[in-house]
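Asks: Before we start, here is the structure in question, set down as structure tokens.
The values are calculated or read from the model by the stated rules, or taken from the named source; none is laboratory data. Just so it is clear, the structure is predicted and the values come from calculations on it, not from any experiment. All Cβ positions, even for glycine, are placed from backbone atoms using ideal geometry, and neighbour counts span all protein chains on display. Remember, those area values only see protein heavy atoms, side chains included, never the ligands or the DNA or RNA. Shrake-Rupley method; radii C 1.70, N 1.55, O 1.52, S 1.80 Å.
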Amino acid sequence: MACPVCGETRFRSAAQQTCHTAMNHGTHGCGCGYKFTSEEELKAHEKTMKENMKENPCSSCCRSFETNGALNDHQRAKLHDYTKPPNQCDCGKTCKSADGLTQHIRDTQENLNIPDAKYKSKGEYYDAFYKKNVMVSKDDRKESVRKCRDTLNEIMDHVSKQENGKIYSTDIRKAGSHATGTKVNKADEFDVNIALNIPVADVKTKGTVKYIYEDNLNPRDPKSAPPENLNVRREMTAVPKGRQNHIPIGYAAVKAEENAKMTSKVTHNGDIIPRKVQEDLYSKIKTAIKDLNLKDVHISKNSHGPALTLTITGSKGKHDINIDVTTTIGDSHVPVGVYGWPRPDTRKVLSQNTIDRINNVGTHMVPKGGEFWNISHSKAEKELMKGLDTGNQCRRQCYKMLKADLQTWKSQSTDNYPGISSHLLKHAMFWMNERHQPDNKDYWKQENIHTCYTDFLKSFKDHLDQCKLPDYFHPMNNMLGKKDKDVCHRLARCVEDRRNELLHMKLLK
């Protein structure tokens, strides 16, 4: 089943193929944002929306809403021609009189226990919040980077001297927030990539393999141990007769060259197995820690995602440092645009030079699972995040402020909101940028930080409410699809309260 426009064949159903074709190649757009490949499909959509019209229709597109507040949120988010009605609060509620608006604001401030005024303007508040909760001190950053670098260099040098250890590169590449300058509050977490020095003969992104991990893991149960967790014993066997082990969309099977040396521990039938790589590197790092007598360094078996986590225990008065170490394969086997990026809307937002830079960094594969390597766009994400703002703009500041708020909510929760990470915030920002930039070139200016951040909070809350956040480079992958719905909905309430707090903040007169 192939796309009739670009020939893409990664579809398991006609619905997936139709969604891809409309999203990436649709030329008939509706004002609500949906696109279609023909005039007939567009008219059928408009007819359906008209037949299901709710009480509060939008005057600029076909959508309608149950409440006036929801309509106002939609109009602001879509940047339709919008004039704020008299006596309407920034939160969207419209009051009958100025006195009613004043009472609404006073009631909301009381219900949310909003603190007394300390600042003369909202801009002054955001400056103070950024300095207190977002900025990392130069001394802390410098000391943590040195400690992280020296420890990893010592460990990986030892690993390379162990039996078959040369399959792991000693060229440690920084990744994550340190690489993009988006670290928040303190330098206590670092992400690094370590390339596998194994020649690759073939990368297969569709079809089947003849081996499988047999265990009782349930990938659809968010409370089940993740397949990369090294505490779970897993045995690889041949696929039982009558069954097939398909390569999932977004993953790949990687075959090593036949003459590749030192690979027996990490391969099966010639394929490089991510689970075996994780187990082997874990064992080698643990040996290095023991032999080097690094008493303040520990490695965890509780892997989350593709990384092994090392912890450097801080001395008295110093914070711990967590280092997520991810093994990677290649950057030229799968192109960035394999899932249809850049889309037509992307080209309205990003310059051709930016798109070329992102395409040039490529993808790589990381061990997120058992048998198959996950096709990761983390290098493309890093390149996009680094160049997201030009001049006096505030996208990165909005992203870092939400990271800081997320850290606060996690620290106040009983379960740390499992599965929710800053990686989700990054993709939420990428999508929001694509929605807002084309229609209003001044939207992201620094002086508009209050509107931008409260809109970002609203956008992220909507994703959580719907448990739906498409991967920016692979939209068919819902990043919230396997998250616990209760976790998403509880966090959505925190986001909503924070937004209301900002929209109703007290200011000095």
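Asks: For TYR213, state whether it is under 30 Å from PRO240 (Cα atoms), in contact with a helix residue (DSSP H, G or I) (Cβ under 8 Å, 6 or more places away or on another chain) and either of a type outside the set (Lys, Arg) or part of a helix (DSSP H, G or I) (or both). Talk me through it step by step, then tell me what you get.
Replies: Working: under 30 Å from PRO240 (Cα atoms): yes; in contact with a helix residue (DSSP H, G or I) (Cβ under 8 Å, 6 or more places away or on another chain): yes; either of a type outside the set (Lys, Arg) or part of a helix (DSSP H, G or I) (or both): yes.
Yes: the conditions hold for TYR213.
Asks: If GLY369 meets every condition in (1) in a loop (DSSP other than H, G, I, E, B); (2) in contact with a strand residue (DSSP E or B) (Cβ under 6 Å, 6 or more places away or on another chain) apart from one, which number is that one?
Replies: Condition not satisfied by GLY369: (2).
Asks: Next question. Considering only residues of segment 22-66 that are closer than 15 Å to ASP345 by Cβ and assigned to a helix (DSSP H, G or I), which is modelled with the lowest pLDDT?
Replies: Taking the candidates together, the pick is MET23.
Asks: Only one of VAL349, VAL366, VAL336, VAL325 is modelled with pLDDT of 90 or more, over 17 Å from LYS276 (Cα atoms) and under 21 Å from the mean Cα position of the chain (by Cα); which?
Replies: VAL336 is the lone residue from the list that is modelled with pLDDT of 90 or more, over 17 Å from LYS276 (Cα atoms) and under 21 Å from the mean Cα position of the chain (by Cα).
Asks: Give me the residue from segment 401-428 that is touching an Asp or Glu at 6+ places or on another chain (Cβ under 8 Å) and either at pLDDT 95 or above or of a type in the set (D, E, K, R) (or both) and, out of that set, least open to solvent (accessible area, probe 1.4 Å).
Replies: Among those residues, the one meeting the criterion is HIS427.
Asks: Where the second residue is open to solvent by less than 40 Å² (accessible area, probe 1.4 Å) and aromatic (Phe, Trp, Tyr) and the first is touching a residue at least 12 places away in the same chain (Cβ under 8 Å) and lies in segment 319-334, which pairs have Cβ atoms under 8 Å and are six or more apart or on separate chains?
Replies: Partner pairs satisfying both residue conditions: ILE321/PHE190; ASN322/PHE190; ILE323/PHE190; ASP324/PHE190; THR327/TYR168; ILE329/TRP373.
Asks: Do we find that ALA492 is out of contact with any Ser or Thr (no Cβ under 7 Å at 6 or more places or on another chain), modelled with pLDDT of 95 or more and either among the small types (Gly, Ala, Ser) or open to solvent by less than 20 Å² (accessible area, probe 1.4 Å) (or both) in this structure?
Replies: In short, yes.
Asks: I would also like to ask the following. Kindly establish whether VAL366 is surrounded by fewer than 18 Cβ atoms within 10 Å (Cβ to Cβ), of a type in the set (Val, Ile, Thr) and closer than 22 Å to ARG173 by Cβ.
Replies: no
Asks: In the list GLU143, GLU124, GLU110, which residue meets the criterion of being open to solvent by 100 Å² or more (accessible area, probe 1.4 Å) and in a helix (DSSP H, G or I)?
Replies: Criteria check complete, one pass: GLU110.
Asks: For segment 331-358: of the residues being closer than 27 Å to ASN440 by Cβ and among the polar types (S, T, N, Q), which is surrounded by the most Cβ atoms within 10 Å (Cβ to Cβ)?
Replies: Looking at the filtered set, the residue picked out is THR346.
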